[in-house]
Structure formats: structure tokens, C-alpha cells
Amino acid sequence: MGFGAETPPLTRSAIEHAIRLLWAADSGTAFIDVALLTKEQGLMKILDAQSDVWSFEKELADAMERHILEAGAADRSLGHLGHLRKIVDLNPEERGPLYMGWLIDTQDSHPSLASAQPYYTVTDGATARIQFEWEPRFSTAVHMKATLALIAGLHAYAKIVGATDRIEPLLDDIIRRLKARHLQKDAT
């Protein structure tokens, strides 16, 4: 079965990038401001987490401070778009299905009962017992999730760089092949 149960953090990241690229393709230059503001917030959290027992060397902390200053001219009114749901809400028809996949993978991306589920079963009986497995009990749709994130991301990137006339026919061919393969599997 492979390591499909371990892929949600990776597919989650790919899906998030695809959603953000789709938004960036429609947002003009606003995505630059949002990226700067998001980076600023993240670096501030990192610097604030320092303590007497854990801190960065001065050179690294100074470099982070310089990166924080890059967001100085950013449009602060766009800061809320650092939250993925806010970007999805701007075009739920396009981004909503990807967001649902992101939410599902979020459940399986952190150490939890949900992420351990492929590796245990609960037995029936007078007293329930947990049986741990060496391999996951079921496979995941990792190939499909990764492919869909890649297609959405490439579609958006092509729009951003003005290459849709070259990229879209290739993506359409990939989508056509995926549909044919899916229909073939359903027929068997």
C-alpha cells in the first residue's frame, strides 16, 4: 500500500499553494502585499517565541527584522487574506472543492487519532481492544490529490505569466486522460 497515509502534510501544502496561486492569478499585485504581510506575521511569531533558553544568533535575528521591514509599504487592509478561507470565499466555485481537500488533509496532517486511524482497528467484543497494524489498512487517493493540485497550480501559474496558450492544451490533455482512466476503472 505504500506510504499514502503519511502524505497529507505534503498534499495539504500542494493544495494550499494551488488555491493561493488561483487567487494570485485573479488578484493583480495584491498577492504580493498579502505574501509580505503573511511573511511579516510569521517572522514576528518566530522572533517573539525566543526566550532566555532559546534564541537566534544576532545575525539571523537581524535578517528576520530586515525581512519584516519589507512589508512596511504593504496594503494592511489585505492582511485578512493571509487566511486561506478568506481567499476561498472570494471564489468558492473555483476554490471550494480544493479547500475541502485541504480541510480533509488538515485532519490527517497533525498527530491525532485521525492521522493514526489507518494503523489500528478496534475489535468488537465484551471489551473493546485496539489492534495496531504495521501497514495502513487502506490506501489513499494521494496520486489524484497531488495531480489535481498540480493541475490547478499550473493553470494559475500559466495565467500569471501569460502562458495559457501553451499550458492549457497540455493540462486539458492530462484532464482528459484522467477522466478516461477514471471511467475505465468504474466500468470494471
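Run the accessible area of the range 45-188 with a 1.4 Å probe and give the carbon-and-sulfur part as a rounded percent.
Working: 6280 of 10660 Å².
With neighbouring chains kept in place, the figure for the range 45-188 is 59 percent.
Restricted to Cα positions, what overall size does the range 45-188 have along the principal axes? Three whole-Å values, descending.
Between the extreme Cα coordinates on each principal axis of the range 45-188 lie 58, 55, 27 Å.
Rank Thr29, Thr147, Thr123 by mean-square fluctuation in a GNM of the chain with C-alpha springs under 10 angstrom and give only the top-ranked residue.
Thr123
When the Cα centres of the range 105-175 and the range 53-68 are compared, how far apart do they sit, in Å?
36 Å
Pick out which of Asp172, Asp48, Asp89 has the largest mean-square fluctuation in a Gaussian network model of the chain, springs linking Cα atoms closer than 10 Å.
Asp48
Near Lys145, which lysines are there with a Cα under 19 Å away, not counting those fewer than 8 places off in the same chain?
Output for Lys145: Lys179, Lys185.
Expressed in nm to one decimal, what extension gain is obtained for the pair Leu103 and Gln50 from 0.36 nm per residue of sequence separation less their Cα-Cα distance? The partial results should precede the final answer.
On the way: separation 53, 0.36 × 53 = 19.08 nm, distance 3.05 nm.
Gain on extension, Leu103 to Gln50, equals 16.0 nm.
For Lys45, list the aspartates and glutamates whose Cα falls under 12 Å from its own Cα; do not include residues on the same chain fewer than 8 positions away.
Cα-Cα hits under 12 Å: Glu65.
Which longest run of the chain has no exposed loop site in it, a site being chymotrypsin sites (Phe, Trp or Tyr not before Pro) in a DSSP loop with at most 14 other beta carbons within 10 Å, and the site itself not part of the run?
Details: sites that count: Phe3, Trp54, Phe56, Trp134, Phe138.
Between the exposed loop sites, the longest stretch runs 57-133.
Quick one: plug the Kirkwood hydrodynamic radius of the range 90-153 (C-alpha pairs) into Stokes-Einstein at 25 °C, 0.890 mPa s, and report D in µm²/s. Walk me through the intermediate numbers first.
Numbers: Rh = 14.2 Å.
It comes out at roughly 173 µm²/s.
P(r) of the range 1-76 in 10 Å steps, Cα pairs, percent per bin?
Pair shares across the bins are 16, 30, 30, 20, 4.
The values are calculated or read from the model by the stated rules, or taken from the named source; none is laboratory data. The structure displayed is predicted, hence computed values, not measured ones. Heads up, the Cβs are rebuilt from the backbone with ideal geometry, glycines too, and the neighbour counts pull from every protein chain shown. The accessibility values were calculated without ligands, DNA or RNA, using every heavy atom of the protein model including side chains. Shrake-Rupley method; radii C 1.70, N 1.55, O 1.52, S 1.80 Å.
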